[in-house]
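Mind having a look at this structure? Questions to follow.
The values are calculated or read from the model by the stated rules, or taken from the named source; none is laboratory data. Not measured: the values here are computed from a predicted model. Cβ placement follows ideal geometry from the backbone for every residue including glycine, while neighbour counts extend to all protein chains displayed.
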Amino acid sequence: MLYFWAILIYLLILIGVGAIRSKGVKTQTDFMVAGRKLSAPVLVGTLLATWIGSGSIIAGAGLSYRKGFSALWFDAGVWIAIVVLYFIAGRARKLAQFTVPDILEIRYNKYARILGSLTTIIAYTAIVSYQFKAGGMVLNMVIGIPTDQGIILTAVFVIAYTALAGMFSVAYTDVVNGLVLLIGFMIGFPFLLKLAGGWANVTSLLPGDRFQILGSMTIWEALGYSLPTMLLLLGESNMYQRFFSAKDERSAKRSVLGWISGTIFVEALIVILAIVGSSIFLDIDPETVILHSVRHGLSPVIGCILLAAIVAVIVSTADSFLLVPSTNIMRDIYQRFVNPNVSQRRMVLYSRMVVIILGIVAFVQVKFFTTVLAMALYAYTMYGVGITPATLAAFLWKRATPAGGVCSITSGMIATITWELLKKPFNIPTVYPALLLSVSSLIMISLLTPQPRQEKIRLFFKVE
């Protein structure tokens, strides 16, 4: 019960912070982009804590348990994406919008906004659903309640917390969660390594391919893990929403430098912890290796702190991915097409109602996939091939046209769903055919249609 009370107290503190922050939420700008007041250090914390969720702690660690260091391919795409985002962050903040579909309409047309919103809603509710599942797994291990009940408890907490204060509550608690997780892993690593009998003993107990860059994977299999994460992050609405939340362009750009350093360090540390844990805990569900290591391999004090932080980071990631599609529905559909003159007070009220509805939709999806990794790869691919090519082209290719952008989003989304429904023919990862179709549609249709008007690209490029 010690672990249960540690997690409960930590979450109650988060609720307290959210309640305090909720008093400052008066407008959609407050709820969706924290009033555009976030400094670079706060942005670093919220960017890091948003990305390091169950995708890393559960799915990435489970892959490390089975594949060893070659699991870093799952993370490598993220690192490349963050480098690219460094050159876009300041320009994104300059636009001072709320969502990625905002960008898509400015650069292309209203149909790109609608399709971008639809793709985001499908992908992000799937991501939220596996955060719920991860929370249930943690609660099952800590206090022994059935995983299904743990999933329900996690879903209720996440939905209530997100609806409370939006980005205001998420951003500031992210900083604390990220620091606690980072410090906890750093402190816990030497104790876990000692329990394993030292690194030499770890290497002697595990197969040699666990310590090779490709291990048992082919380069195509490795890229099948890297590409979905890279493509997701390059167009990831959460990250752009945080850039929009920055107090200025300089803060947005500076935050990316701290973000990439922290992400590389934490994700590499998670992989190493999972490998060490795999030499100690045999015959367990690979995706629970970090949870087993923390719960049974560390002292109760360190274990309590780390488990509380893990739950908090899972909650934080779920909050963020729940907030984005609710923003899409309210900003990109309701306010844009249904009621442009909606009051700020009603906008915040309706946003909270949409959070609750989407949370329920995410909860229903939990049963659709057997593992967190499978859910992650599907969601990453859906968003990465549907949104990212058109979003990057908005900033990087003047010749991209409205028709090209719309066709890219449509073909990427349809290809992902179709390939998944066909059970990945010839065992080809969905990302390959879906990305090929999305990018080729963008390029060919853009080249076959008239060049975009100057006013469409003026905000994205220096036009002479």
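Scanning region 244-271 for residues that are outside any helix (DSSP H, G or I) and among the charged types (D, E, K, R), which turns out nearest to Thr46 (Cα to Cα)? Don't jump to the end; show me each part of the working.
Within region 244-271, the first condition is being outside any helix (DSSP H, G or I), and the residues that meet it are 246-248.
Add one more test, that the residue is among the charged types (D, E, K, R), and what stays is 247-248.
Details: Lys247: 14, Asp248: 16 Å.
Restricting to residues being outside any helix (DSSP H, G or I) and among the charged types (D, E, K, R), the top hit is Lys247.
Go through region 43-85 and report how many residues are under 19 Å from Ala309 (Cα atoms) and either under 11 Å from the mean Cα position of the chain (by Cα) or of a type in the set (Asp, Glu) (or both).
Counting residues in region 43-85 that are under 19 Å from Ala309 (Cα atoms) and either under 11 Å from the mean Cα position of the chain (by Cα) or of a type in the set (Asp, Glu) (or both) gives 10.
I'm trying to understand the selection: among the residues of region 63-104, which are aliphatic (A, V, I, L, M) and part of a loop (DSSP other than H, G, I, E, B)?
Ala96
Output the residue which, of all residues in region 24-42 that are buried (at least 17 other Cβ atoms within 10 Å of the Cβ) and within 21 Å of Ile183 (Cβ to Cβ), is modelled with the highest pLDDT.
Val42
Report yes if Gly45 is in a helix (DSSP H, G or I), modelled with pLDDT under 80 and either within 18 Å of Ile183 (Cα to Cα) or touching a Ser or Thr at 6+ places or on another chain (Cβ under 6 Å) (or both), otherwise no. Before you say what the answer is, go through the steps one by one.
Values: in a helix (DSSP H, G or I): yes; modelled with pLDDT under 80: yes; either within 18 Å of Ile183 (Cα to Cα) or touching a Ser or Thr at 6+ places or on another chain (Cβ under 6 Å) (or both): yes.
Yes.
Another question about this same structure. Quick one: in region 216-245, of everything that is closer than 18 Å to Pro389 by Cβ and hydroxyl-bearing (Ser, Thr, Tyr), which residue is modelled with the highest pLDDT?
Of everything passing the filter in region 216-245, Ser226 is modelled with the highest pLDDT.
Considering (1) buried (at least 20 other Cβ atoms within 10 Å of the Cβ); (2) modelled with pLDDT under 80; (3) under 19 Å from the mean Cα position of the chain (by Cα), say which one Tyr130 fails and leave the rest.
So the condition that Tyr130 fails would be (2).
Of all residues in region 69-103, which are hydroxyl-bearing (Ser, Thr, Tyr) and buried (at least 18 other Cβ atoms within 10 Å of the Cβ)?
So the first thing to find is which residues in region 69-103 are hydroxyl-bearing (Ser, Thr, Tyr), and the list is 70, 86, 99.
Within region 69-103, Ser70, Thr99 qualify.
Would region 367-375 turn up any residue that is surrounded by fewer than 24 Cβ atoms within 10 Å (Cβ to Cβ), modelled with pLDDT of 90 or more and not small (Gly, Ala, Ser)?
No, there is no match, as no residue in region 367-375 is surrounded by fewer than 24 Cβ atoms within 10 Å (Cβ to Cβ), modelled with pLDDT of 90 or more and not small (Gly, Ala, Ser).
Residues are listed down the side, and each one gets a yes or a no for (1) at negative phi; (2) without any contact (Cβ under 8 Å) to a residue 60 or more places away in the chain; (3) not in a helix (DSSP H, G or I):
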{"site": "Ala374", "(1), (2), (3)": "yes, yes, no"}
{"site": "Phe395", "(1), (2), (3)": "yes, no, no"}
{"site": "Arg399", "(1), (2), (3)": "yes, yes, yes"}
{"site": "Ala403", "(1), (2), (3)": "yes, yes, no"}
{"site": "Val406", "(1), (2), (3)": "yes, no, no"}
{"site": "Thr410", "(1), (2), (3)": "yes, no, no"}
{"site": "Ala415", "(1), (2), (3)": "yes, yes, no"}
{"site": "Ser438", "(1), (2), (3)": "yes, yes, no"}
{"site": "Ser446", "(1), (2), (3)": "yes, yes, no"}
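Here is a further query. Under 9 Å between Cβ atoms, which residue pairs at least 6 apart in sequence (or on different chains) link something in region 453-464 that is outside any helix (DSSP H, G or I) with a partner that is at pLDDT 80 or above and β-branched (Val, Ile, Thr)?
Short answer, once both residue conditions are applied: Leu459/Ile106; Phe460/Ile103; Phe460/Ile106; Val463/Ile457.
Related question: Kindly establish whether Gly16 is crowded, with 22+ Cβ neighbours inside 10 Å, assigned to a helix (DSSP H, G or I) and at pLDDT below 80. Explain how you work it out, then say what you get.
Numbers: crowded, with 22+ Cβ neighbours inside 10 Å: no; assigned to a helix (DSSP H, G or I): yes; at pLDDT below 80: yes.
Against the criterion (crowded, with 22+ Cβ neighbours inside 10 Å, assigned to a helix (DSSP H, G or I) and at pLDDT below 80), Gly16 does not qualify.
Considering (1) part of a helix (DSSP H, G or I); (2) in contact with a Leu (Cβ under 8 Å, 6 or more places away or on another chain); (3) aliphatic (A, V, I, L, M), say which one Ile145 fails and leave the rest.
So Ile145 meets the others, but not (1).
Just checking, which of Leu164, Leu153, Leu179 is at negative phi and at pLDDT 85 or above?
Answer to the selection: Leu153.
Here is a follow-up. Identify the residue in region 294-323 that is of a type in the set (Ser, Thr, Tyr) and either in contact with a strand residue (DSSP E or B) (Cβ under 7 Å, 6 or more places away or on another chain) or within 27 Å of Ala126 (Cα to Cα) (or both) and, among all such residues, is modelled with the lowest pLDDT. Give the steps one after another, and end with the answer.
In the first step, residues of region 294-323 are kept if they are of a type in the set (Ser, Thr, Tyr); the result is 299, 316-317, 320.
Filter once more, so that each one left must be either in contact with a strand residue (DSSP E or B) (Cβ under 7 Å, 6 or more places away or on another chain) or within 27 Å of Ala126 (Cα to Cα) (or both): 316-317, 320.
Details: Ser316: 76, Thr317: 79, Ser320: 79.
Filtering first and then ranking leaves Ser316.
Each row is one residue, and each column tells you yes or no for (1) charged (D, E, K, R); (2) surrounded by 18 or more Cβ atoms within 10 Å (Cβ to Cβ); (3) outside any helix (DSSP H, G or I); (4) at negative phi.
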residue: Leu273; (1), (2), (3), (4): no, yes, no, yes
residue: Leu282; (1), (2), (3), (4): no, no, yes, yes
residue: Ile310; (1), (2), (3), (4): no, yes, no, yes
residue: Phe321; (1), (2), (3), (4): no, yes, no, yes
residue: Val324; (1), (2), (3), (4): no, yes, no, yes
residue: Ile329; (1), (2), (3), (4): no, yes, no, yes
residue: Asp332; (1), (2), (3), (4): yes, yes, no, yes
residue: Met353; (1), (2), (3), (4): no, no, no, yes
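Please work out if Lys110 is surrounded by 24 or more Cβ atoms within 10 Å (Cβ to Cβ) and either basic (Lys, Arg) or touching a Leu at 6+ places or on another chain (Cβ under 7 Å) (or both). Write out each step before concluding.
On the way: surrounded by 24 or more Cβ atoms within 10 Å (Cβ to Cβ): no; either basic (Lys, Arg) or touching a Leu at 6+ places or on another chain (Cβ under 7 Å) (or both): yes.
Judged against the criteria, Lys110 is not a match.
Please indicate, with yes or no, whether at least one residue in region 417-424 is buried (at least 18 other Cβ atoms within 10 Å of the Cβ) and either outside any helix (DSSP H, G or I) or touching a residue at least 40 places away in the same chain (Cβ under 8 Å) (or both).
Of region 417-424, the ones buried (at least 18 other Cβ atoms within 10 Å of the Cβ) are 419.
Applying the additional criterion that residues be either outside any helix (DSSP H, G or I) or touching a residue at least 40 places away in the same chain (Cβ under 8 Å) (or both) yields none.
No, the conditions are met nowhere in region 417-424.
Only one residue in Leu282, Leu298, Leu307 is within 22 Å of the chain's Cα centre (by Cα) and more than 14 Å from Gly60 (Cα to Cα), so which one is that?
Working: Leu282 fails: within 22 Å of the chain's Cα centre (by Cα); Leu298 fails: within 22 Å of the chain's Cα centre (by Cα).
Selected residue: Leu307, the only one of Leu282, Leu298, Leu307 that is within 22 Å of the chain's Cα centre (by Cα) and more than 14 Å from Gly60 (Cα to Cα).
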